[in-house]
Amino acid sequence: MRLSTRGRYGLAAMIYLGKKYGDNPVSLNEISKATGLSNNYLEQLIRELKKQDLVISVRGVQGGYLLKKSPKEISVAEILECLEEFFGVTECSAVSGLCSREDTCPSRLIWTQMHDDMINSIKNVSLQDLISKEK
């Protein structure tokens, strides 16, 4: 499995918001400066994160963005599933019915098992876990 820039950069933005959890709303410019990501790209990522109720926006002069839940309550899986168009070891392991050989493919079992193991692993890693490990 290979993460796209959307997944990697979105995770970076969420880590930054997680560090600021409990503080005032964080502006897009502040996130941009802290992560090195462009405002335009961050807008796209934040829009998707808002749709999945991971981030909320606050309007006004002191407005910006906040995590909707505590970093302890947000899993890495939630973030990546929100941002990644395809999230799996192979397409057939992530979505049933994509391959006409699904029922007869001898290797599908291993791809499905790897996919399930990966998802279960990152479901058990919270945003707070990543923040705590950062130096």
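Here, each number is a calculation from the coordinates, and none is a lab measurement. Note that the structure is predicted; figures quoted are calculated from it, not measured. Cβ atoms come from the backbone with ideal geometry, glycine included; neighbour counts cover every protein chain shown.
Taking the highest mean first, how do the peptides 100-108, 23-31 order by number of other beta carbon atoms within 10 angstrom per residue? It would help to have the intermediate numbers written out before the result.
Values: 100-108: 10.6, 23-31: 15.7.
In descending order of packing, they fall as 23-31, 100-108.
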- Item | Cα-based reach from K133 at 20 Å (exclusive), listing lysines while leaving out same-chain residues under 8 positions away | K19, K20, K69, K72, K123
- From a point 7 Å beyond the Cα of V125 in the direction of its Cβ, which residues of the range 59-85 have a backbone N at a distance under 17 Å? 71-84
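Which value, in Å to one decimal place, does the Kirkwood hydrodynamic radius take for the range 5-133 when every pair of different Cα atoms is included?
Values: mean 1/r = 0.0630 Å⁻¹.
Evaluated over the range 5-133, this radius sits at 15.9 Å.
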- Query: Taking the range 1-51, how much of its Cα-Cα pair set, in percent, is spaced more than 18 angstrom apart?
  - Reply: 24
- Note on the structure: Per-residue ellipticity at 222 nm attributable to helices in the chain (runs of n ≥ 4 DSSP H, -39500 (n - 2.57) apiece, nearest 500 deg cm²/dmol) works out to -15500 deg cm²/dmol
